[in-house]
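Chemist: Below is one structure. I have some questions about it.
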Amino acid sequence: MELEGYANRLAHIDLTAGKVEYKPIPEDWARKYIGGRGLGVKFVFENGPKVDPPSPDNLLCFMNGPLTGSEAGMSGRMAVVTKSPLTGTVTDSHHGGWSAARLRWAGFDGLLFKGKAAKPTYAYIHDDQLELLDASAVWGKGVHDTIKYFKEKYGEKDLTVIAIGPAGENLVKFACWINEDDRASGRGGTGCVGGSKNLKAIVVKAEKKIVKAQDREKWKAAHAKALAEIMDERVVTSPRKGGLSVYGTNVLMNMTNVIGGLPTKNSQFTAYEHAEKVSGEYVNEHVLVDNPTCHACPVACKKEVEVKDGPYKGLRMESVEYEPAWSVGGNCGNDDIRVVAKMIDTCNDFGMDAIEIGHPLAIYMEASEKGYTGSDGKLAWGDGAKMVELAGKIARREGLGNIMAEGANATAKHFGHPELAMTCKGQGVPAYDPRGIKGMGLGYATSNRGACHLRGYTPAAEVVGNVLGPSTVTDPLAWKGKGEMNMIFQNVHAVTDCLDVCKFSTFAESLDSFAAQYEAMTGVPCDAGHLLKVGERVYNLERYYNNLNGFREGSDTLPKRFTTEASTMGGSKGHVCELDDMLKEYYEKRGWVNGVVPEAKLKELEII
Ligand code: SF4
């Protein structure tokens, strides 16, 4: 391959046969899809859309981008890409920490697993080689003990471990992959796919060898500019503004609450009276003990906490993020930060999506309140002890936990009230209420991986923009213009997911900065327009894959609660989400016909 910057080496692993093949990246694919999410989606697409997600036929990809392992700021992300058992769509979920960089330093741009191992297996990667080894000793163990086992076996130095827990082994539909920094590829059930393949862990041993750009002079200038943007940006780093560096992602809790954008008690309400007690500010003042960071990131948004009293006293965990804190906090009527910390840590250890788990729990709570639960008994809002107990039952698929392990839709259906499921395409909505943050409502409905805030992070303009000042304000309650805004955000985030840099870098860096770094690293002439075209291509390829899977007209919906039950509190009082109006605008801008990509668009983007 003529492109620089890549290791140009992918491991194709057939778990059924126990064989590994090493192949270069098809150059045309590298040019069109860059890496990370884009390349992973291309491989999943070529594997065929009709595969059953938890089956040997599904492809499970762990992908890097061309900036991975370099000194590019915020470049420590890894994409896990597959067909989702939760949504039936293509999905990708990215985790931070050091796993991505170590995989690159070990000599790989990605790992592609297919088939099913005859017994529990882990992949051990070192010195440009991948071995498939027996994982029986850790099968059944939690993620934390699994990682401890491998640290003892191979030594902690230069090691990264990405593992599934009992939830993945038991095919919980929202099981995930977690690494040694408790960073999760959380959404979409990628851990369930790992479990279905008997793949317990990926262990990488690789010394730090910073990847150098082919054009050193260009790189120096591009890197310096990007770093200056990151360090200068108000939301990302400034203590004065109280941004990510100080409060982590949970700085959003109080902001969304005030504007009536915080879904509360299974989205019955749009604000939570006790939000402050589970906010980033509260964490900072009461339980914060450290601020870890990912490879090559000066921001350090992670917030490690220690529980000081109560039944979970002594628990030290990383990290209380906004969306999980919301999911098991206000969403479940829980205002106890100690329970929030315990629940997130428990989910990490079982290997479950800590955003998704709040959905079956909150459904159970609302169903209990309304008298729908019958012989299943009741779960009260904010009952922390029972929440923790149920998390274990879900991971082990015990009793009602066996139904909740299937996700929010199955749980709501079990209680006879499917309308209680706050999902899009089967995945639970995250921590932004579409009645108070309308662009996010459109974003959930049109996301290619089910309800998601990270496909197009419009709160950057609709919530955070309001804090920064008039030049960046976008009214969260207006619906006009949100179609185009979503499309742009979705395309930009597809680009950052292909480069596999942290989403938060877009708060600071311009597309020109990403383009300059990409060009210096790979030698491919690039500007913002080139990158946006890649983003559009990736988004359309995903949409095409989903269309082939039956997601067509009428698939881009929101739960009725958001479009028919007006908000009764906070800044959004009286509002519903005008999804249909926004959808019309969005499809027009995308050039789609009622959510379906026409052939002409596929040709224009060189997808077919
Ligand atoms: S901003 Fe946070 S999540 Fe992103 S790379 Fe830095 S430490 Fe990791």
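The values are calculated or read from the model by the stated rules, or taken from the named source; none is laboratory data. The model shown is predicted, which means the values in this text are computed figures rather than measured ones. Methodologically, a virtual Cβ is constructed for each residue, glycine included, from the backbone with ideal geometry; neighbour enumeration extends over all protein chains shown. Side chains included, ligands, DNA and RNA excluded: accessible areas come from the protein's heavy atoms. Shrake-Rupley method; radii C 1.70, N 1.55, O 1.52, S 1.80 Å.
Chemist: Only residues in region 522-549 that are farther than 20 Å from residue 6 by Cβ count as the first member; pair them with residues that are among the charged types (D, E, K, R), Cβ under 6 angstrom, at least 6 apart or cross-chain, and list the lot.
Modeler: 528/512
Chemist: Further question on the same structure: Return the only residue of 15, 10, 60 being more than 16 Å from the ligand (Cβ to nearest atom), touching a residue at least 40 places away in the same chain (Cβ under 8 Å) and within 24 Å of residue 449 (Cα to Cα). Don't jump to the end; show me each part of the working.
Modeler: Working: 15 fails: within 24 Å of residue 449 (Cα to Cα); 10 fails: within 24 Å of residue 449 (Cα to Cα).
None of the others qualify; the one that does is 60.
Chemist: Considering each residue of region 243-296, count those that are within 20 Å of the chain's Cα centre (by Cα) and open to solvent by 40 Å² or more (accessible area, probe 1.4 Å), and give that number.
Modeler: Within region 243-296, residues that are within 20 Å of the chain's Cα centre (by Cα) and open to solvent by 40 Å² or more (accessible area, probe 1.4 Å) number 2.
Chemist: Right, something else. Please tell me if residue 311 is surrounded by fewer than 19 Cβ atoms within 10 Å (Cβ to Cβ), touching a residue at least 60 places away in the same chain (Cβ under 8 Å) and within 16 Å of the ligand (Cβ to nearest atom). Explain how you work it out, then say what you get.
Modeler: Numbers: surrounded by fewer than 19 Cβ atoms within 10 Å (Cβ to Cβ): yes; touching a residue at least 60 places away in the same chain (Cβ under 8 Å): yes; within 16 Å of the ligand (Cβ to nearest atom): no.
In short, no.
Chemist: So, one more: Looking at the structure I just gave you, is residue 484 of a type in the set (Asp, Glu) and open to solvent by less than 40 Å² (accessible area, probe 1.4 Å)?
Modeler: Values: of a type in the set (Asp, Glu): yes; open to solvent by less than 40 Å² (accessible area, probe 1.4 Å): no.
Spelling it out, it is not the case that residue 484 is of a type in the set (Asp, Glu) and open to solvent by less than 40 Å² (accessible area, probe 1.4 Å).
Chemist: Regarding region 80-91, can at least one residue be identified that is closer than 20 Å to residue 181 by Cβ, within 16 Å of the ligand (Cβ to nearest atom) and touching a Gly at 6+ places or on another chain (Cβ under 7 Å)?
Modeler: No; the residues of region 80-91 include none that is closer than 20 Å to residue 181 by Cβ, within 16 Å of the ligand (Cβ to nearest atom) and touching a Gly at 6+ places or on another chain (Cβ under 7 Å).
Chemist: Same structure, new question: Any idea which of 464, 501, 524 is more than 22 Å from residue 92 (Cα to Cα), of a type in the set (A, V, I, L, M) and assigned to a loop (DSSP other than H, G, I, E, B)? Steps first, answer last, please.
Modeler: On the way: 464 fails: assigned to a loop (DSSP other than H, G, I, E, B); 501 fails: more than 22 Å from residue 92 (Cα to Cα).
Within the list 464, 501, 524, the selection yields 524.
Chemist: Pull up region 286-307, narrow it to residues that are closer than 20 Å to residue 341 by Cβ and in contact with a Phe, Trp or Tyr (Cβ under 8 Å, 6 or more places away or on another chain), then point me to the one that is nearest to the ligand (Cβ to nearest atom). Steps first, please.
Modeler: First, the residues of region 286-307 that are closer than 20 Å to residue 341 by Cβ: 286-293, 300-307.
If we keep only those that are in contact with a Phe, Trp or Tyr (Cβ under 8 Å, 6 or more places away or on another chain) as well, we get 301, 303.
Values: 301: 3, 303: 10 Å.
Step by step, filter region 286-307, then rank; the result is 301.
Chemist: Shifting gears a bit: Restricting to region 53-97, and then to whatever is within 22 Å of residue 171 (Cα to Cα) and out of contact with any helix residue (DSSP H, G or I) (no Cβ under 9 Å at 6 or more places or on another chain), can you tell me which residue is surrounded by the most Cβ atoms within 10 Å (Cβ to Cβ)?
Modeler: 95
Chemist: Something else: Does region 580-587 contain any residue that is open to solvent by less than 20 Å² (accessible area, probe 1.4 Å) and more than 21 Å from residue 487 (Cα to Cα)?
Modeler: There is no residue in region 580-587 that is open to solvent by less than 20 Å² (accessible area, probe 1.4 Å) and more than 21 Å from residue 487 (Cα to Cα).
Chemist: Follow-up question, since we're still on this one. Enumerate the pairs (first residue in region 291-305 and more than 12 Å from residue 320 (Cβ to Cβ); second residue anywhere and aliphatic (A, V, I, L, M) and more than 9 Å from the ligand (Cβ to nearest atom)) with beta-carbon separation below 6 Å, excluding pairs fewer than 6 apart on the same chain, so at least 6 apart or on different chains.
Modeler: 295/101
Chemist: Quick one: how many residues across region 360-389 are charged (D, E, K, R) and open to solvent by 70 Å² or more (accessible area, probe 1.4 Å)?
Modeler: In the first step, residues of region 360-389 are kept if they are charged (D, E, K, R); the result is 366, 369-370, 376, 378, 383, 386, 389.
Filter once more, so that each one left must be open to solvent by 70 Å² or more (accessible area, probe 1.4 Å): 369-370, 378, 386, 389.
Residues in region 360-389 being charged (D, E, K, R) and open to solvent by 70 Å² or more (accessible area, probe 1.4 Å): 5 in total.
Chemist: Here are some conditions: (1) modelled with pLDDT of 95 or more; (2) within 16 Å of the ligand (Cβ to nearest atom). Residue 330 meets all but one. Which one does it not meet?
Modeler: Status for residue 330: all satisfied but (2).
Here is a yes/no grid of residues against (1) touching a Lys or Arg at 6+ places or on another chain (Cβ under 6 Å); (2) within 16 Å of the ligand (Cβ to nearest atom); (3) aliphatic (A, V, I, L, M); (4) at pLDDT below 90:
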{"position": "222", "(1), (2), (3), (4)": "no, no, yes, no"}
{"position": "249", "(1), (2), (3), (4)": "no, yes, no, no"}
{"position": "255", "(1), (2), (3), (4)": "no, no, yes, no"}
{"position": "260", "(1), (2), (3), (4)": "no, no, no, no"}
{"position": "277", "(1), (2), (3), (4)": "no, no, no, no"}
